[in-house]
Every structure is written in structure tokens, then in C-alpha cells.
Amino acid sequence: MERKLLSGDEAVALAALDAGVALGTGYPGTPSTEILETLAELGGRAQWAPNEKVALEVGIGAAFAGARVLVTMKHVGVNVAADPLFTAAYTGVSGALVLVSADDPGMASSQNEQDNRRYSVAAGVPMLEPSDSQEAYDFLLAAMSLSERHKMPVMLRMTTRVCHSKTLVERRGGFPAARAPSFERDIAGRVMVPGYARPAHKKLRARLDEIQKENEKSPLNLWKKGDPRLGIITHGITWEHVQEAAPGASAFRIGTVYPLPLEQLRAFARSVERCLVIEEGDPFFVEQLRSAGIAVEGKPEMYRFGELNVERVRRIVAGDVSPEPPPLKATPPRLCDACPYHPVYGTLARLDCIVAGDIGCYTLGVMEPYRAMDSCVAMGASMGVGLGLRHVLPEQQARRVVSIIGDSTFVHSGINGLVEMVYNPPATGHVVIVLDNGTTAMTGQQEHPGTGRTIEHDATNKFSIEGFARASGVKHVDTVDPVADPGGFERLLKERLAGNDISMIVARRACILAAADIRKWDKQNAEKAEAGGCGGAC
Amino acid sequence: MGRVTNVVVAGLGGQGAIKASDILADAACRAGFDVKKAEIHGMSQRGGSVTSDVRFGDEVLSPMVPRGEADFAVVLEATQVEVVRPVLRQGGLCFGPDFLDEKALPNRKSLNVALLGALSHHLDIPEPCWLEAVKAALPERLHELNEKAFAAGREAAARQGR
């Protein structure tokens with residue numbers, strides 16, 4: 001069969017299509033975004049959810065109905081989805097549910113480098129981890145099959161280098177057809193009141209025990225016999241670095257991250273003189289192996305930080321803890337020259353505002369010349385952080401606080417903070433600035449509920465940011481084009497900061513990179529509507 | 001692992017570095033090599049540094065080119081030439097934007113494909129594989145222009161004997 005050069009993300013999408021996935025859903029986040037985009041391009045059914053929690057819940061519902069489902073997000077997205085995840089491990093599913101967690105060691109485009117292998121243990125969800133695009137394809141199929149056989153959610157953990165590297169992929173055939181979704185009532189299995197949840201927890205542990213036994217024989221783990229003086233236990237992309245850095249060594253590549261094939265690993269450790277665990281991120285395997293009584297050597301602490309690569313693996317093998325050469329002097333990203341947010345940040349800097357910021361391109365307002373951002377914690381956090389600052393700061397400082405949030409981020413989880421503002425307004429009021437550039441710009445211009453277009457850019461119902469704020473009880477809701485009227489924006493902001501009301505200013509102007517496409521899609525959709533169709537909304 | 005050729009393509013976001021590495025990887029794939037390509041997308045789109053590693057040969061393991069082991073660097077932005085230099089092995093070749101007279105190019109946007117043309121002079125990838133890869137990566141209206149750019153780079157490299 002023909003081999004194609006695919007990224008790990010593209011390979012997952014292709015596998016989802018070949019596995020007969022009925023629905024793919026998620027929220028954009030580097031490095032996971034391309035999975036659903038590719039699934040849509042390939043003709044699969046994919047959709048963006050407003051956030052990861054909703055995506056996973058939609059996925060759980062579809063899997064309760066017997067469908068095969070793919071849910072994708074970046075590592076920090078799993079934090080948002082963690083609530084349903086932990087209980088979905090108890091309920092299990094009737095079809096198949098695979099959650100892709102795309103981790104970002106080294107933080108190429110993230111606010112932390114949390115290691116989501118820990119979620120597998122914490123939630124009791126089996127986890128697989130591929131090392132290249134072929135395995136991304138094969139492991140997605142294996143994860144679907146595992147989920148369907150054991151009737152429980154399964155996580156596929158990937159990292160930036162597996163998601164974005166391109167390697168050759170051969171498509172497989174013969175995945176058994178999915179059955180047609182149909183509702184079967186299972187009240188005790190899905191209604192997690194304590195009386196049903198207690199036995200469900202026991203059932204989960206019994207399922208994990210079964211899978212642990214299966215994993216001892218799983219072909220997803222690789223034992224490479226080599227020099228018995230050095231054995232390396234590794235995983236993911238690091239497996240590729242290990243083969244290059246220590247070609248003669250014995251190695252055990254873990255594909256089943258959880259539950260671990262502990263007896264296999266015990267035998268491997270026994271078979272070598274020095275057993276070294278080389279893992280990217282936290283000492284996750286080291287902890288698991290040691291608590292199982294398997295003596296292994298971990299990497300020095302300095303290699304917990306950032307990605308591993310061939311050079312760093314060579315150093316770990318050599319026990320080298322001398323300072324590493326500095327990274328290449330990269331030019332940092334910045335706001336595009338024609339970005340509509342420039343006038344907004346100019347005003348915030350001039351007025352010396354205390355800016356509770358958020359996550360998106362506009363976080364780059366922290367860079368010179370503006371330095372106009374004072375916090376960036378999590379998606380949607382600008383709202384709560386801004387309110388907290390307002391509640392306790394002395395009045396003169398409290399009056400300078402604004403929350404600044406992008407359109408997609410507002411829909412993601414700023415909404416909850418807005419409700420908090422209405423319910424617990426600070427004595428000085430508060431000002432929320434929504435930077436609406438009509439797209440999820442940072443991750444590569446994805447649609448979201450506020451654009452009124454689907455993942456395939458067809459027309460659908462449009463969520464109104466101003467309408468939501470007004471209906472919630474925000475006193476003043478204004479919309480300004482910050483490029484056409486920068487003076488008007490500044491005057492309005494000054495006026496709102498001086499008052500004691502809760503207010504929202506929507507600074508609306510299309511992203512310079514997306515504007516032409518947005519015009520094209522809107523025109524196409526208008527033409528479709530005029531031709532008597534519904535523009536895809538039906 | 002047999003002989004592997006290591007190429008690093010670098011530039012700033014929006015200059016076509018990723019597109020160039022896509023074309024190179026596809027051309028190597030069409031020539032029958034094992035190929036891997038690694039890069040970081042995301043924030044770098046906003047005018048920041050972009051580097052993309054392409055490795056091909058009989059069998060490629062890590063997708064990332066170890067520092068000091070690149071055989072070639074293709075650099076689309078003058079300010080990035082010195083930044084990228086440490087990736088090259090001793091005797092490795094760097095094709096920067098000054099490798100070609102800008103007047104020899106159909107337009108500035110085609111610099112990425114022109115420098116691939118220069119690189120192609122040194123690689124064991126048949127010319128038809130390159131041209132198919134260029135066409136596969138670009139819309140039809142840009143085919144002729146980019147074929148010209150590729151030829152200009154290839155000729156310049158042949159002329160200079162490097």
C-alpha cells in the first residue's frame with residue numbers, strides 16, 4: 001500500500017476515519033489542532049466545541065449511544081475536561097471513546113509543561129503513547145479497539161514532536177465496522193449517584209487489572225535485545241532519540257503507559273547491568289517502577305525541563321550534568337505589524353492600566369513596546385483574576401484594573417467569569433475588554449461559536465458576545481473598532497474606568513491574517529443562502 | 001542506521017520555511033528514501049523564528065537534527081544566518097538569501113523554492129521528484145513561477161560549483 005508522509009496529527013485523523021469514528025470533537029490547542037481540521041478535510045464528521053469540557057461531554061454522550069468517538073485537546077485542555085473524565089472512567093462507554101492529550105514539553109506554545117501521563121493514573125484511564133506517525137495511526141486504532149472491548153475511555157498521549165513531525169505512514173485496512181448507534185438504558189451504569197458510583201469504582205479497578213494483564217503481552221511495547229551492560233526504558237519520541245544516541249544498548253519502549261507491563265519491565269531490568277529510565281518530563285515511570293520494587297536509575301533533575309533530543313539523551317547516558325550549551329538565539333514572536341490590537345495596547349500602556357490578561361495572540365501585548373499585561377494564568381482566567389484584584393486593591397489601584405480576553409477565549413471559559421462579575425461586582429465596578437478579531441487566531445485561525453461558522457466554515461447559529469453580556473446584566477456593553485476609532489476607544493475606556501459600574505467593551509476588528517478568508521466564507525455562505533440552501537446550517 | 005542527510009530550513013514566520021521543508025521532504029520521499037521532518041508550529045507564526053529539520057536516508061530515527069550535525073542549512077532571512085550556523089557540521093553548507101541575486105528571481109516570495117533549487121544541486125534526489133514535489137505543494141497558478149525559481153537556484157549552484 002502507498003506510504004504517505006504525514007504528521008502525527010494527520011495520522012490520527014486518518015486512523016479515526018478508518019476506524020469509522022462517528023464524531024470528532026475538541027477545542028483548538030497547539031499541538032493538537034490539526035487532528036480535527038484534517039478529519040474534517042478527509043470527509044469525517046468533526047466539530048469545534050466551545051471548550052474541552054463540553055467536547056468531552058459531547059463525546060461521552062455519543063459513546064453512551066454506542067458510537068466510536070474521538071476527542072482532542074492540548075495538555076492544559078485536559079485540566080478543563082478533567083471533571084467529566086474522572087467520572088467517565090466509572091461509567092465507561094457503550095461504543096468507544098478515545099481522548100487525545102497533546103502535551104507540550106518545552107512549551108513551544110503553552111503556559112506550562114505539565115506531564116499528562118499522570119492523568120492516566122489519577123483518573124484510572126488506560127493510556128497509550130506512540131513514537132512516530134505510523135504509530136500514531138496504529139495506536140489510535142488500538143485505542144479504539146481497547147476502548148470498545150473494555151467499554152471504557154482510553155487516552156492517547158502525544159507530544160509536540162510526535163504531533164508535528166512528519167514520518168511515513170502506511171494505511172491499514174480491515175478495522176471492524178462500527179455498529180449503528182442506538183440507545184440502551186443503563187441507569188446503574190451511567191447515573192453516578194453514590195449508590196451506583198461505589199460499585200462502578202470497583203468495576204473500574206477490575207477492568208484496569210484485566211488490561212494490565214493484557215498489556216504484559218501487548219505488541220505496543222517493544223523489547224530490543226542489545227548490549228546487556230546498558231538497558232534503557234523509554235517512550236514516545238524519546239525512543240527515536242535513544243536508538244540514535246545509544247544504538248547498541250538494550251531498550252524497552254513503553255507503548256502502554258498505563259497500566260504498565262510491570263512484569264515485563266521487571267524482567268527487562270533484571271536482564272541488564274545498568275537500567276536507565278530516559279523519559280521526557282516528569283519522573284513518571286521511575287516513580288511507578290520504584291514503587292513496584294524495580295530498581296532503576298532515573299535521569300538527573302536538569303533533564304526534567306524542556307524537550308529531550310539526541311544530544312540530551314547522549315548526556316543522560318553519560319551521566320553528564322555539566323551546563324548545556326545555550327539554545328539558538330531565536331527571534332521571539334510578536335503582534336503582527338497590522339494587528340488590530342496595537343491601538344488597544346497603546347491605550348492600556350498610556351493609561352497605566354493593571355491588565356489581567358488571557359491566552360491567545362493578544363498575550364503578546366506583554367512584549368515591548370507595550371508591556372501591557374500583568375497576568376496570564378489559564379484560559380478565561382483574566383475575568384476572575386481581574387475581579388479578585390479589584391476586590392482587595394486600594395481604590396486608586398482598583399480603578400486601573402481591566403480584564404482583557406479574546407473572542408474565542410471568552411466563549412471558552414470567560415463566560416463563567418462574566419457571570420461572577422454580575423453576581424459579585426467589586427465596589428469600583430469592573431471593565432472587561434473583549435478583543436474580538438473574529439477567529440481563534442493563535443492556533444491558526446479556527447472557527448468558534450462567536451464566528452457563526454462551523455469547522456468547515458459553513459454558516460451556523462452565531463453566539464453573540466454582546467447579547468450574552470446584556471442578557472446577563474452587564475450595565476454598559478459597547479462595541480468599538482479600535483483601528484477605525486482609536487481615540488473613541490480610549491475615551492470610552494477612561495469613562496468606564498472612572499465609573500462604578502460593571503461594563504464590557506468589545507474591540508472588534510478582524511484578524512489581519514484571517515480577514516480575507518472571513519470575507520470569502522461569508523460571501524460563499526450568503527450566496528448559498530440566497531440560492532435557497534441553508535448554507536450548511538441545517 | 002545507514003547514511004542520513006540532515007537539512008535545516010530556517011526563516012521568520014510567514015516566509016515559507018515550512019513550505020520549503022515540506023517540498024524537500026516530499027521530494028526525498030518520492031526518491032524512495034525514508035524521511036522525517038520536525039518543526040514547531042504555533043506562536044512562531046507571529047513573525048518569530050521558524051526552523052524545520054528534514055532528515056532522509058535508508059533509515060531515519062530521531063526526526064530532529066542534532067546540533068552540529070546538519071549537512072546543509074537553507075536560510076530565508078539574513079538575520080537568521082548566524083543564529084542557525086551552530087546546527088551545521090564542519091564543512092556543512094549554508095544557503096542564505098544572498099546566495100542568489102534577487103533580480104534572478106521571479107519574485108521575493110519564491111526565494112524558498114529558489115534556495116531548494118540550489119540545495120538540489122548537492123542532493124541525490126532526481127530532478128523530476130523535486131518538480132513533482134513543488135507542484136504538489138503549491139496551487140497551479142504558482143507552478144510556472146516556482147519552476148523558474150527552482151531552475152534559477154539550481155543553475156546558480158551549478159555555476160558556483162557549490
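Computed quantities for the displayed model
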item	result
A:Y362 being within 22 Å of the chain's Cα centre (by Cα), closer than 30 Å to A:V422 by Cα and within 14 Å of chain B (Cβ to nearest Cβ)	yes
The one condition in (1) at pLDDT below 95; (2) touching a helix residue (DSSP H, G or I) at 6+ places or on another chain (Cβ under 7 Å) that A:K166 fails to fulfil	(1)
Residues located in segment A:132-172, provided they are within 11 Å of chain B (Cβ to nearest Cβ), small (G, A, S) and part of a helix (DSSP H, G or I)	A:S133
Residue list for segment A:89-131, filter: assigned to a loop (DSSP other than H, G, I, E, B), at pLDDT 95 or above and over 11 Å from A:S147 (Cα atoms)	A:D104, A:P105, A:N112, A:E113, A:Q114, A:D115, A:N116, A:G124, A:E129, A:P130, A:S131
Residue list for segment A:132-145, restricted to those being farther than 18 Å from A:A22 by Cβ and either of a type in the set (A, V, I, L, M) or crowded, with 24+ Cβ neighbours inside 10 Å (or both)	A:D132, A:S133, A:E135, A:A136, A:Y137, A:F139, A:A142
Given (1) in contact with a strand residue (DSSP E or B) (Cβ under 8 Å, 6 or more places away or on another chain); (2) more than 12 Å from every other protein chain (Cβ to nearest Cβ); (3) within 30 Å of A:G360 (Cβ to Cβ), number of the condition A:Y341 does not satisfy	(2)
A:C353 within 14 Å of another protein chain (Cβ to nearest Cβ), under 30 Å from A:V422 (Cβ atoms) and surrounded by fewer than 23 Cβ atoms within 10 Å (Cβ to Cβ)	no
Residue list for segment A:134-151, restricted to those being touching a residue at least 24 places away in the same chain (Cβ under 8 Å), out of contact with any strand residue (DSSP E or B) (no Cβ under 8 Å at 6 or more places or on another chain) and within 19 Å of A:A89 (Cβ to Cβ)	A:H150, A:K151
Candidate set: segment A:422-453, residues that are among the small types (G, A, S), farther than 19 Å from A:V344 by Cβ and in contact (Cβ under 8 Å) with a residue 40 or more places away in the chain; chosen: the one farthest from the other protein chains (Cβ to nearest Cβ)	A:A427
So B:V84, is it surrounded by 23 or more Cβ atoms within 10 Å (Cβ to Cβ), touching a residue at least 40 places away in the same chain (Cβ under 8 Å) and over 13 Å from the mean Cα position of the chain (by Cα)	yes
Of all residues in segment A:24-47 being more than 13 Å from chain B (Cβ to nearest Cβ) and surrounded by fewer than 24 Cβ atoms within 10 Å (Cβ to Cβ), the one that is nearest to A:G360 (Cα to Cα)	A:Q47
Segment A:188-198, residues that are closer than 14 Å to A:A88 by Cα and not basic (K, R)	A:A188, A:G189, A:V191, A:M192, A:V193, A:Y196, A:A197
Enumeration of residues in segment B:113-137 that are loosely packed, with under 15 Cβ neighbours inside 10 Å and either closer than 16 Å to B:D98 by Cβ or of a type in the set (D, E, K, R) (or both)	B:D124, B:E127
Residues being touching a residue at least 40 places away in the same chain (Cβ under 8 Å) and among the hydrophobic types (A, V, I, L, M, F, W, C) - total across segment A:373-421	16
Segment B:90-123, residues that are farther than 16 Å from B:V75 by Cα, at pLDDT below 95 and not hydrophobic (A, V, I, L, M, F, W, C)	B:K103, B:P106, B:N107
1 or more residues among the basic types (K, R): qualifying strands (runs of 3 or more DSSP E) within segment A:1-82	A:3-7, A:68-74
Segment B:130-162, residues that are out of contact with any helix residue (DSSP H, G or I) (no Cβ under 7 Å at 6 or more places or on another chain) and part of a helix (DSSP H, G or I)	B:E140, B:R141, B:L142, B:E144, B:K148, B:E155, B:A158, B:R159, B:Q160
Qualifying residues in segment B:81-129 (those that are of a type in the set (D, E) and in a helix (DSSP H, G or I)) - the one farthest from the other protein chains (Cβ to nearest Cβ)	B:E102
Any pair with Cβ under 7 angstrom, 6 or more apart, that starts in segment B:47-65 at a residue that is free of Cβ contacts under 8 Å to residues at least 40 places away in the same chain and at the interface with chain A (Cβ under 7 Å from one of its Cβ atoms) and ends at one that is hydrophobic (A, V, I, L, M, F, W, C) and assigned to a loop (DSSP other than H, G, I, E, B)	B:G47/A:C336; B:G48/A:A330; B:S49/A:A330
Pairs with Cβ under 6 Å, 6+ apart, first in segment A:304-329 and more than 14 Å from chain B (Cβ to nearest Cβ), second part of a loop (DSSP other than H, G, I, E, B) and surrounded by fewer than 16 Cβ atoms within 10 Å (Cβ to Cβ)	A:V321/A:P300
Subset of segment A:212-227 [of a type in the set (D, E) and in contact with a Ser or Thr (Cβ under 8 Å, 6 or more places away or on another chain)]	A:D227
Yes/no for B:E140 being surrounded by 13 or more Cβ atoms within 10 Å (Cβ to Cβ) and among the acidic types (D, E)	no
Qualifying residues in segment A:68-83 (those that are small (G, A, S) and surrounded by 24 or more Cβ atoms within 10 Å (Cβ to Cβ)) - the one farthest from A:T439 (Cα to Cα)	A:A81
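Yes/no matrix, rows are residues, columns are (1) among the charged types (D, E, K, R); (2) under 30 Å from B:G47 (Cβ atoms); (3) in contact with a strand residue (DSSP E or B) (Cβ under 8 Å, 6 or more places away or on another chain); (4) not assigned by TED's automatic domain parsing to the domain that holds A:G444:
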{"site": "A:R253", "(1), (2), (3), (4)": "yes, no, yes, yes"}
{"site": "A:P261", "(1), (2), (3), (4)": "no, no, yes, yes"}
{"site": "A:R270", "(1), (2), (3), (4)": "yes, no, no, yes"}
{"site": "A:L276", "(1), (2), (3), (4)": "no, no, yes, yes"}
{"site": "A:G293", "(1), (2), (3), (4)": "no, no, no, yes"}
{"site": "A:E324", "(1), (2), (3), (4)": "yes, yes, no, yes"}
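Rundown of residues vs (1) surrounded by 17 or more Cβ atoms within 10 Å (Cβ to Cβ); (2) outside any loop (DSSP other than H, G, I, E, B); (3) not acidic (D, E), yes/no style:
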position	(1), (2), (3)
A:E307	yes, no, no
A:C336	yes, no, yes
A:G346	yes, yes, yes
A:D358	yes, no, no
A:T363	yes, yes, yes
A:V377	no, no, yes
A:S382	yes, yes, yes
A:G386	yes, yes, yes
A:R390	yes, yes, yes
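The values are calculated or read from the model by the stated rules, or taken from the named source; none is laboratory data. In this text, all values refer to a predicted model and were calculated from it rather than measured experimentally. We place every Cβ from the backbone using ideal geometry, glycine too, and count neighbours over all the protein chains shown.
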